[in-house]
Amino acid sequence: MARALYGPGGFFVRERPADHFRTSAHASPLFAAALARLVCQVDTALGAPATLDLVDVGAGRGELLTALLAELPPPVRARVRPIGVEVTMRSWDGISWRTDLPRGLTGVLLATEWLDNIPLDLARDGRYLDTGLNPGDPLSPADAAWAERWWPAGPDEVIEIGRTRDEAWADAVAAVSAGLALAVDYGHLREHRPPRSTATGFRHGREVPPAFDGSTDITCHVAMDSAAAAAGPDHVLLRQRDALHRLGVDGRRPPLTLASTDPIAYVRALSTAGAGAELTAPAGLGAHWWLAHPVALPHPLPLLP
């Protein structure tokens, strides 16, 4: 999985992710606008620092960062230092690009649908599985301990060992000295682990069997509670539907009376409602998880209960 995604000729090394799958960031500008409101909340809680870091981990071609910057009020935008983290270096005006995580951040670190692409191993009955789901070596002590704590499984059930995701997310949160680290992803909790592997491929907008030659995306759902615990007890885990509602996004249709008094405004409001409905749909993007870790914030955020 690591070679297929990030090795020489790997999927994320040579492909543009937006050409192959649709995330919340691609679905509607409402997502970036909601995150911009969250960035402003963090900025206020930090007392409007002279430099406000805004880091997107797994930034692709900078689509989300670019949209976010456009949504920020000019006084905040003037103090933002936008940083995109990707496996290959990019070069776009206004965004600093790097292949590793910056440290000592003051501001917001975002990881939208990044953890699901962190490579992991599949296992069954205490043994690693190959790409054909055939058993191999016994689990290492560390992986066996993770499985016992986070993924109790019956005989013949396939588990996805999320220890690599836990370590990656804990490292990302540790990069923030003051502010907020936020992961947005699809996943599950210990009480509702899937009995079969969620390993999936995407190519040209379609779900396909995962290929390990770099020709498809490879993704597995995230054990969100495990990642949350790995990065520390001070966190909030909520569904995207609830998070976006708190940030002012919903899918409610405008009143029909607006259609007769201001038809143009009604059409615009109807379009916005449709986009909001997609982002908050309980059986779709709204079921994604938001994992938020506040770090050294002197004041609470409205997003976090």
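Any read-out appearing in this document is the output of simple, stated calculations on the displayed coordinates, not a laboratory observation. Note that the structure is predicted; figures quoted are calculated from it, not measured. FYI the Cβ positions are ideal-geometry reconstructions off the backbone, even for glycines, and counts take in every protein chain you see.
The radius of gyration of the Cα set in segment 21-141, together with its Dmax, comes out at 18.4, 57 angstrom.
Among beta bridges identified by DSSP and lying wholly in the chain, the antiparallel ones come to about 50 percent. With contacts taken as Cα pairs under 8 Å at a separation of at least 6 residues, segment 117-189 carries a relative contact order of 32 percent. Taking max minus min of the alpha-carbon positions on each principal axis, segment 41-83 gives extents of 30, 18, 15 Å, largest first. Once you keep just the Cα pairs under 8 angstrom separated by 6 or more residues, what percentage relative contact order results for the chain? Reported as a whole number, the value is 21 percent. The Cα-based radius of gyration of segment 139-263, divided by its Kirkwood radius, gives an Rg/Rh of 1.10. Between Thr51 and Arg190, the contour length at 0.36 nm per residue exceeds the alpha carbon distance by 46.1 nm. Sorted on the mean count of surrounding Cβ atoms within 10 Å across their residues, most packed first, peptides 282-288, 39-45 read 39-45, 282-288.
Rank the residues Leu244, Leu189 as a footprinting-exposure proxy: fewest other Cβ atoms within 10 Å of their Cβ go first.
Details: Leu244 25, Leu189 14.
Placing the least packed residue first, the sequence is Leu189, Leu244.
Legend: calculated FRET efficiency, Arg206 to Thr99, from the Cβ-Cβ distance at R0 = 35 Å, rounded to 0.05, equals 0.75.
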